[in-house]
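Scroll down for the structure; my scribbles are underneath it.
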Amino acid sequence: MMRTLYFQKDSKRGIKGTYNWLLEELGELEEALEGENKKGAEREFADVMAWLASLANITGVDLEKAAIEKYDSKCPKCRQSPCQCDF
Ligand SMILES: [Zn+2]
């Protein structure tokens with residue numbers, strides 16, 4: 001979906017510019033988590049996900065495939081669900 005919506009613009013902005021936007025959105029998420037506004041935090045989670053998907057798209061990474069391959073319904077370290085790793 002993010003590829004359809006934004007791939008052309010994301011490609012023009014480039015990897016560094018898109019990465020910087022992702023960092024900015026992470027900062028906004030941090031601020032939202034410190035507040036009491038759950039709806040605002042939801043929007044910031046969505047923005048972080050959108051910018052992460054944009055970054056994946058312009059670097060040729062299929063984000064959904066990468067996440068499923070790594071996590072595959074199990075923790076990639078202990079291979080359990082739920083994770084049994086020590087903190
Ligand atoms: Zn684990």
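The values are calculated or read from the model by the stated rules, or taken from the named source; none is laboratory data. Everything numeric here is computed off the predicted structure, so don't read it as measured data. All Cβ positions, even for glycine, are placed from backbone atoms using ideal geometry, and neighbour counts span all protein chains on display. Ligands, DNA and RNA are stripped out before the accessible areas are found, and what is left, the full protein with its side chains, is counted by its heavy atoms. Shrake-Rupley method; radii C 1.70, N 1.55, O 1.52, S 1.80 Å.
Remark: relative contact order (the chain) = 29 percent; criterion is Cα-Cα distance under 8 angstrom and separation of 6 or more residues. Note on the chain: helix-only mean residue ellipticity at 222 nm, from DSSP H runs of 4+ residues weighted -39500 (n - 2.57) and normalised by residue number, equals -25000 deg cm²/dmol.
Largest GNM mean-square fluctuation among S54, S11, S73, using the chain with Cα springs under 10 Å: S73.
I'd like the carbon and sulfur percentage of the solvent accessible area for the chain, probe radius 1.4 Å, heavy atoms only, ligands and nucleic acids excluded.
Working: 3850 of 6930 Å².
Solvent-exposed carbon and sulfur of the chain make up 56 percent of the total.
Using C-alpha positions alone, give me the convex hull volume of segment 38-87 per residue in cubic angstrom.
On the way: hull volume 5.7 nm³, N = 50.
Per-residue hull volume (Cα only) is 114 Å³.
Would you list which lysines come within 29 Å of K77, measuring only between C-alpha atoms, while excluding same-chain residues fewer than 8 positions from it? Partners within reach: K65. Remark: C-alpha extents of the chain on the principal axes read 42, 36, 21 Å, sorted largest to smallest.
If you roll a 1.4 Å probe over the heavy atoms of the protein chains, what accessible area per residue do you get for the chain, in Å²?
Numbers: 6930 Å² over 87 residues.
Dividing the accessible area of the chain by its residue count gives 80 Å².
What size of dipole, in debye to the nearest 20, comes out for the chain about its Cα centre when the only charges are +1 on Lys and Arg C-beta atoms and -1 on Asp and Glu C-beta atoms? Please report the intermediate quantities before stating the final value.
Numbers: 13 positive and 16 negative charges, 106 e Å.
My answer is approximately 520 debye.
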